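**Q** Below is the structure I would like to discuss, written out as structure tokens.
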Amino acid sequence: MWEHEQLVVRTGRRSGMTTMVAIHSSEAGPAVGGCRMKAYPTINDAVTDVLRLSKAMTLKCAAAGIAHGGAKSVIVVDRPLTPELRRAVLLDHADLINSFGGQYQAGPDVGTGPDDMVVLRELTPHAYCLPEEHGGTGSSSGPTARGVLAALGAAAEKVFGSADLTGKKVVISGFGSVGELVARGLPGADVLVSDVDGSRRTDEFGWVAPEEAYTTSADVLVPAAVGGVLSPEVVRALDVRLVVGPANNQLTDDSVAGLLAERGIVWVPDHVASAGGVVYTLAREDEGLDHESALERVDAIAGTVRRLLA
């Protein structure tokens, strides 16, 4: 069913590449959401992704009590990106963002970072998370990971009787910038990590092959890579008691939540667990809060999880 306010798909005049913005809701305020840059099998796959991600952003903002709606944007990579082409398509995307007149405000996502936000700012004021030297708050990976750890601690209290995961086996699927920070935030836990990029393997943590991450027996599973990983088949193979992670849209279908419940597996919805980045960024850049006050907002995710599980 069509739930979104707007979907705009455009071919950039500089790059000839496809960019798109989906606004799911602006009822609570201007819609916010990251700019994803990646290759897709087809344009329809990209549209499906941007629609699902924008809806998740609405849920994320609502659960965190943020006065913003949800949106997302996608740059479809259809050829090798030279520095010149990357800049051209970012400027094309900035034109598209600016056409919404502030109704959509962008930040980094998969495939983009603070330096890309600097390029967007050349043509639109509606971009967050510029590097600190450019007046922004930089990468949101740290606050996102902190929010995941807050959610994980609150859920562990419910499942294991303590927020302390010392001695518990934790599998982290996706050892990128957020997954690595989550791993480092679990001292005393038996942490196994997994990533499709084998070069990220490290002796600091145990390693499990990507195809085994969701079948390994453990206490906790942390999905920290791509979405759409919890299918009925995967859930039937899970051997964990708790699932908490930052990957967006973890379920292949909403009905999978019921399957998790039937198996007695506690799952903290990703739009709750992954909200730390947007909570921190908006607290700093919209409200002008200092670093520590913004982190207190992120830590409040633990209270949200407690109320949710109660």
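**Q** Being more than 15 Å from the chain's Cα centre (by Cα) and hydrophobic (A, V, I, L, M, F, W, C) narrows it down to one residue among ALA71, ALA56, ALA39, ALA64; which is it? Explain how you work it out, then say what you get.
**A** Numbers: ALA71 fails: more than 15 Å from the chain's Cα centre (by Cα); ALA56 fails: more than 15 Å from the chain's Cα centre (by Cα); ALA64 fails: more than 15 Å from the chain's Cα centre (by Cα).
That would be ALA39, the only listed residue that is more than 15 Å from the chain's Cα centre (by Cα) and hydrophobic (A, V, I, L, M, F, W, C).
**Q** Select from the stretch 241-254 the residues that are surrounded by 14 or more Cβ atoms within 10 Å (Cβ to Cβ) and without any contact (Cβ under 8 Å) to a residue 40 or more places away in the chain and list them in ascending order.
**A** Residues of the stretch 241-254 that are surrounded by 14 or more Cβ atoms within 10 Å (Cβ to Cβ), as a first pass: 241-252.
Those that are surrounded by 14 or more Cβ atoms within 10 Å (Cβ to Cβ) and without any contact (Cβ under 8 Å) to a residue 40 or more places away in the chain: VAL243, GLN250, LEU251, THR252.
**Q** Identify all residues within the stretch 214-231 that are outside any strand (DSSP E or B) and either in contact with a helix residue (DSSP H, G or I) (Cβ under 6 Å, 6 or more places away or on another chain) or over 24 Å from ALA39 (Cα atoms) (or both); write none if there are none. Quick ask: steps written out before the conclusion?
**A** If we filter the stretch 214-231 for residues that are outside any strand (DSSP E or B), which is where we start, we get 214-219, 224-229, 231.
Scanning the stretch 214-231 gives TYR214, THR215, THR216, SER217, ALA218, ASP219, ALA224.
**Q** Quick one: how many residues across the stretch 117-134 are within 21 Å of PRO30 (Cα to Cα) and of a type outside the set (Ser, Thr, Tyr)?
**A** Looking only at the stretch 117-134, we keep the residues that are within 21 Å of PRO30 (Cα to Cα), and these are 117-118, 120-130.
Imposing the further condition that a residue be of a type outside the set (Ser, Thr, Tyr) reduces the set to 117-118, 120-123, 125-127, 129-130.
Matching residues across the stretch 117-134 total 11.
**Q** Within the stretch 246-262, track down each residue that is under 14 Å from the mean Cα position of the chain (by Cα) and on the phi < 0 side of the Ramachandran plot.
**A** Step one: filter the stretch 246-262 for residues under 14 Å from the mean Cα position of the chain (by Cα), giving 246-251.
If the condition is that a residue be under 14 Å from the mean Cα position of the chain (by Cα) and on the phi < 0 side of the Ramachandran plot, then PRO246, ALA247, ASN248, GLN250, LEU251 are the ones that fit.
**Q** Right, SER73: surrounded by 19 or more Cβ atoms within 10 Å (Cβ to Cβ) and in contact with a helix residue (DSSP H, G or I) (Cβ under 9 Å, 6 or more places away or on another chain) or not?
**A** yes
One line per residue, one yes/no per condition, for (1) more than 18 Å from the chain's Cα centre (by Cα); (2) touching a residue at least 24 places away in the same chain (Cβ under 8 Å); (3) in a helix (DSSP H, G or I):
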{"residue": "VAL235", "(1), (2), (3)": "yes, yes, yes"}
{"residue": "ASP239", "(1), (2), (3)": "yes, yes, no"}
{"residue": "ALA283", "(1), (2), (3)": "no, no, yes"}
{"residue": "VAL298", "(1), (2), (3)": "no, yes, yes"}
{"residue": "ALA302", "(1), (2), (3)": "no, yes, yes"}
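**Q** Residues in the stretch 93-111: is at least one under 30 Å from ALA302 (Cα atoms) and part of a helix (DSSP H, G or I)?
**A** No, the conditions are met nowhere in the stretch 93-111.
**Q** Of everything in the stretch 155-178, what is in contact with a helix residue (DSSP H, G or I) (Cβ under 9 Å, 6 or more places away or on another chain), surrounded by fewer than 24 Cβ atoms within 10 Å (Cβ to Cβ) and part of a helix (DSSP H, G or I)? Give them in sequence order.
**A** Within the stretch 155-178, GLU157, LYS158, VAL159, SER177 meet the criteria.
**Q** Also, quick follow-up: Inside the stretch 131-152, can you point out the residues that are within 25 Å of PHE175 (Cα to Cα) and touching a Leu at 6+ places or on another chain (Cβ under 9 Å)?
**A** THR137, GLY138, SER141, GLY142, PRO143, THR144, ALA145, ARG146, VAL148, LEU149, LEU152
**Q** Six or more apart or on different chains, Cβ atoms under 7 Å: show the pairs whose first residue is in the stretch 255-267 and in contact (Cβ under 8 Å) with a residue 60 or more places away in the chain and whose second is of a type in the set (Lys, Arg).
**A** VAL266/LYS158; VAL266/ARG241
Yes or no, residue by residue, for (1) over 16 Å from the mean Cα position of the chain (by Cα); (2) in the same structural domain as THR202 (by TED's automatic domain parsing):
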site	(1), (2)
LEU91	yes, no
ASP116	yes, no
GLY147	no, yes
VAL171	yes, yes
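**Q** Also, I was wondering about something else. If we keep just the residues of the stretch 179-192 that are of a type outside the set (Gly, Ala, Ser) and touching a helix residue (DSSP H, G or I) at 6+ places or on another chain (Cβ under 6 Å), which is surrounded by the fewest Cβ atoms within 10 Å (Cβ to Cβ)?
**A** Initially, the stretch 179-192 is screened for residues of a type outside the set (Gly, Ala, Ser), giving 180-182, 184, 186-187, 190-192.
So of that shortlist, the ones also touching a helix residue (DSSP H, G or I) at 6+ places or on another chain (Cβ under 6 Å) come out as 181-182, 191.
On the way: LEU181: 19, VAL182: 27, VAL191: 23.
Among residues in the stretch 179-192 that are of a type outside the set (Gly, Ala, Ser) and touching a helix residue (DSSP H, G or I) at 6+ places or on another chain (Cβ under 6 Å), the one surrounded by the fewest Cβ atoms within 10 Å (Cβ to Cβ) is LEU181.
The values are calculated or read from the model by the stated rules, or taken from the named source; none is laboratory data. Only a predicted model underlies this, so the values are computations on that prediction, with no experimental measurement involved. A quick note on method: Cβ atoms are made from the backbone with ideal geometry, for glycine too, and the neighbour counts reach across all protein chains shown.
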